[in-house]
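The values are calculated or read from the model by the stated rules, or taken from the named source; none is laboratory data. Here the structure is a predicted model, which means the values were calculated and not measured. Cβ sites come from the backbone with ideal geometry, for glycine too, and all protein chains shown count toward neighbours.
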Amino acid sequence: MYSVGQFVMGFGAGGERYRCAELARMLGVHPTTVLRWIHKGWLTAAESTNRGWLIRRRAVRRLLVDYPSAVTTIMEARVRMWQRYHGQPTPAGPSE
């Protein structure tokens with residue numbers, strides 16, 4: 001299975017920005033979850049008049065480092081759902 005550390009490496013310190021829906025799709029969560037992280041202060045974002053919230057790549061990296069349980073809990077739930085649905089263990093991802 002992938003670790004949070006391996007997942008974080010995909011989000012460098014660059015200046016790329018994401019919209020809520022884009023980030024939600026990348027992380028495999030609902031856009032409402034991303035908004036919840038913003039409102040809790042876990043994810044820094046800037047409100048744009050025409051594009052909604054804009055989230056910098058470094059803010060995503062900070063979320064994954066400072067609040068790993070926010071994402072790992074979701075990932076673990078998805079793994080359990082996959083296992084129940086298929087009745088078998090998930091395929092192994094890269095080792096740590």
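Filtered by the rule that a residue be surrounded by 11 or more Cβ atoms within 10 Å (Cβ to Cβ), more than 15 Å from the chain's Cα centre (by Cα) and assigned to a strand (DSSP E or B), the range 39-58 gives Ala46, Ser48, Gly52, Trp53. Of the set (1) at pLDDT 75 or above; (2) in a helix (DSSP H, G or I), all apply to Val79 but (1).
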